[in-house]
Amino acid sequence: MSVFSLLSVVCNTGFLFPGQGSQHVGMVAELAAAYPAARAALQEADDTLGFALSRLMLEGPEEDLTDTINAQPALLVASVAVMAALAAETGQLPSGGSGNFVAGHSMGEYSALVAAGSLSYADGLRLVRERGRLMKEAGTHAPGMMAAVLGLDEARVAELCAEIAATRGIVQVANDNCPGQLVISGDRAGMEAAMEALTAAGARKVVPLAVSIAAHSPLMQPAADALRAAIDGTAIVAPVVPVIGNTTAQPLTSVDAIRAELTAQLTGSVRWTASMQAMVGAGVTTFVELGAGDVLTGLVKRIDRSAVRVAVNDPDGLRAYAATLS
């Protein structure tokens with residue numbers, strides 16, 4: 001399913017796709033009720049994966065939906081359902097027109113690649129399901145921690161993490177989400193030392209997250225190695241619209257670059273601030289979040305307050321955005 005196959009009238013727009021943490025029971029339920037195309041996207045996911053993921057998305061239980069092996073494909077489904085409904089409402093979707101880009105946060109990068117025509121919907125579903133399984137397995141064998149760090153800049157956090165990683169344990173910046181909001185990840189020894197050092201360095205808050213998986217850290221290397229085999233066995237083509245990569249904050253313009261990025265992002269940092277700044281620098285003035293929640297448009301507000309921000313995840317939001325395209 002290539003959602004960028006139809007002519008678009010929009011320009012200078014960045015389309016954003018949320019990652020893990022944005023999932024919630026009932027996401028896209030209203031869209032699925034209102035748009036047969038959205039329901040078809042959910043049904044295709046069930047058929048592809050061989051179980052009723054759509055029921056889990058719409059009815060829960062939340063504990064099962066939050067499990068990374070389910071949350072990752074569910075978020076991809078939600079984004080594709082929104083795009084399918086948008087196509088049905090407008091007869092057109094944003095394409096590789098003047099100044100348009102896509103980007104996804106962590107797992108959302110797969111949604112962006114599906115949107116850009118690099119990955120088929122079915123292949124994207126299979127890859128993120130396997131990604132979730134491998135990450136869960138890696139976390140079982142090598143448990144870790146993650147923590148939000150508020151009030152320090154990325155350079156200072158990275159410097160302190162590097163000092164601790166040299167002698168005390170594993171820790172690094174996992175996500176640079178927006179100025180003053182970062183996430184660190186690593187093993188318990190490294191994380192505990194880093195949280196203490198960051199607090200002493202003046203962080204406003206250092207808050208452990210309710211996860212046992214150290215995503216975007218070296219503890220995910222076994223998952224990255226195994227996932228690379230699945231990525232190499234999946235058909236990927238060049239995108240029809242520029243995709244900004246998480247780890248480089250630069251456009252992924254070749255199949256080789258995409259394969260390398262999808263492997264590297266499991267152990268590398270999500271450079272979201274730099275990714276959004278790259279879009280702004282390229283002329284993007286409007287950011288549209290397609291999928292569950294509005295986390296990413298909230299981050300954009302902290303990165304560039306002058307940008308127009310739109311979250312599309314229910315019929316009202318979709319119709320309001322569609323009206324701007326007419």
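A short reminder: the numbers here are calculations on the coordinates, not readings from a lab. The shown structure was predicted, so the numbers you read here are calculated from the model rather than taken from an experiment. Note that each Cβ is placed from the backbone with ideal geometry, even for glycine, and that neighbours are counted across all protein chains shown.
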Check your understanding: Charges only on Cβ, +1 for Lys and Arg, -1 for Asp and Glu: so what's the dipole of the range 144-208 about the Cα centre, in debye to the nearest 20?
Key -> 160
Review point. Under the rule of -39500 (n - 2.57) per DSSP H run of 4 or more residues, summed and divided by the residues of the chain, what mean residue ellipticity at 222 nm is obtained, to the nearest 500 deg cm²/dmol?
Key: -15000 deg cm²/dmol
**Study point:** Part-to-part distance (alpha-carbon centres) for the range 111-127 and the range 6-47, which is given in Å
**Key:** 13
**Study point:** With at most 14 other Cβ atoms within 10 Å, longest stretch of the chain clear of loop trypsin sites (Lys or Arg not before Pro) (DSSP)
**Key:** 1-203
Check your understanding: Given labels modelled 7 Å from the Cα in the Cβ direction, how far is it in nm from Thr234 to Glu196?
Key -> 4.1
**Study point:** Kirkwood-based Rg to Rh ratio, the range 144-208, C-alpha trace
**Key:** 0.91
Exercise for review: Using label points projected 7 Å from each Cα along Cα→Cβ, tell me how many nm separate Thr253 and Arg302, to one decimal.
Suggested key: 3.2
Revision key, fill the gap. Total charge of the residues flanking Tyr35 in space, meaning their Cβ is under 15 Å from its Cβ, with Lys and Arg +1 and Asp and Glu -1, is -3
Check your understanding: Cα centroid distance between the range 206-227 and the range 259-301, in Å?
Key -> 19
Check your understanding: Relative to the Cα centre, what is the charge dipole magnitude of the chain, using +1 at the beta carbon of each Lys and Arg, -1 at the beta carbon of each Asp and Glu, and rounding to the nearest 20 debye?
Key -> 460
Revision key, fill the gap. So, relative contact order of the chain in percent, Cα under 8 Å, 6 or more apart, is 24
Review point. Quick one: what do you get for the chain if you divide its Cα Rg by 2.2 N^0.38 Å?
Key: 0.95
Review point. Where the only charges are on Cβ atoms (+1 Lys, Arg; -1 Asp, Glu), what is the dipole of the range 101-168 about its Cα centre, to the nearest 20 debye?
Key: 340
Check your understanding: Across the range 99-105, in residue order, what do the Karplus-derived ³J(HN,Hα) couplings come to in whole Hz, using 6.51 cos²θ - 1.76 cosθ + 1.60 with θ = phi - 60° and x for Gly and Pro?
Key -> x, 8, 9, 10, 7, x, 7
Review point. Taking R0 as 45 Å, what's the FRET efficiency between Glu163 and Ser326 from their Cβ-Cβ distance, rounded to 0.05?
Key: 0.25
**Study point:** DSSP beta bridge pairing in the chain, given as percent antiparallel to the nearest 5
**Key:** 55
Exercise for review: With unit charges on the beta carbon (Lys/Arg positive, Asp/Glu negative), name the residue among Pro222, His105, Thr199 whose Cα is farthest towards the positive pole of the charge dipole of the chain.
Suggested key: Thr199
Point to revise | Normalised convex hull volume, the range 141-292, alpha-carbon set, Å³ per residue | key: 134
Check your understanding: Taking H as built 1.01 Å from N, whose amide H comes closer than 5 Å to the amide H of Phe287, not counting residues under 5 places away?
Key -> Gly14, Val308, Arg309, Val310
